[in-house]
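Laboratory data are not the source of any read-out in this text; all were calculated from the coordinates shown. These numbers come from a predicted model, not from an experiment. Cβ: placed from backbone, ideal geometry, glycine included. Neighbour counts: every protein chain shown.
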Amino acid sequence: MLRKASAITTSKSRGKTAGPDAVHVPAPGEGKRGEDGYLGYLLRQAHAAVRLTMERTLADLGVTSPQFAVLTMLNAYPGLSGADVARLTFLTPQTVGVIIRNLERDGAIVMTPHPVHGRIQQWTLTNRGTTLLTACRERVIALEKRLAGGLDAKAEASIRRWLANVATELQQE
């Protein structure tokens, strides 16, 4: 969860305000949590803020960020196996297994055996899953517009290209 900015830390066990030796915990955008921070940390901080906002945005639909990622990938690439979904969504196979069972139970996805390798289970969206994803997308698109607020098309394209290149370059190692 996001923490509110505080000039000093407080001790919950004693309920007292910390003394003059208390360490200032910077708010997002301050100090090393701002432009002076490490790029990796800033990416993680931004990701955490986006994920929390997305969780709150999708909560009343009963969808989590990882479930949204799974639905999105199955829509983009119908017939993926659970292992493929895990790789594409950066989730563990165990987590994807739970998500897939829940989405299948709720009628959002359906399993079909692979035509050649019968032991491989392929997953696709049902009509219900497509409808759910459409409702989620409307909200996520609004969040994406907030993220890109203040950027012109050229700056947004440059940031997208940079982020894709970071992933490509670092995975090649």
Only one residue in Arg139, Arg101 is free of Cβ contacts under 8 Å to residues at least 12 places away in the same chain and either of a type outside the set (A, V, I, L, M) or surrounded by 14 or more Cβ atoms within 10 Å (Cβ to Cβ) (or both). Which one?
Arg101
Working only within the range 163-173, note down all residues that are assigned to a helix (DSSP H, G or I) and either farther than 14 Å from Ala148 by Cβ or of a type in the set (D, E, K, R) (or both).
Ala164, Asn165, Val166, Ala167, Thr168, Glu169, Leu170, Gln171
Test set (1) in contact (Cβ under 8 Å) with a residue 12 or more places away in the chain; (2) out of contact with any Leu (no Cβ under 6 Å at 6 or more places or on another chain) - Val116 fails condition number:
(1)
Which one of the conditions (1) closer than 20 Å to Val63 by Cα; (2) loosely packed, with under 10 Cβ neighbours inside 10 Å; (3) acidic (Asp, Glu) does Glu144 fail to meet, given that it meets all the rest?
(2)
Residue satisfying all of: in the range 147-156; of a type outside the set (D, E, K, R) and under 24 Å from Ser65 (Cα atoms); surrounded by the fewest Cβ atoms within 10 Å (Cβ to Cβ) among these:
Gly149
Find the residue count for the range 21-44, including only residues that are more than 22 Å from the chain's Cα centre (by Cα) and of a type in the set (Lys, Arg).
1
Take the range 58-90 and flag every residue that is in a loop (DSSP other than H, G, I, E, B) and closer than 22 Å to Arg139 by Cα.
Gly62, Val63, Thr64, Tyr77, Phe90
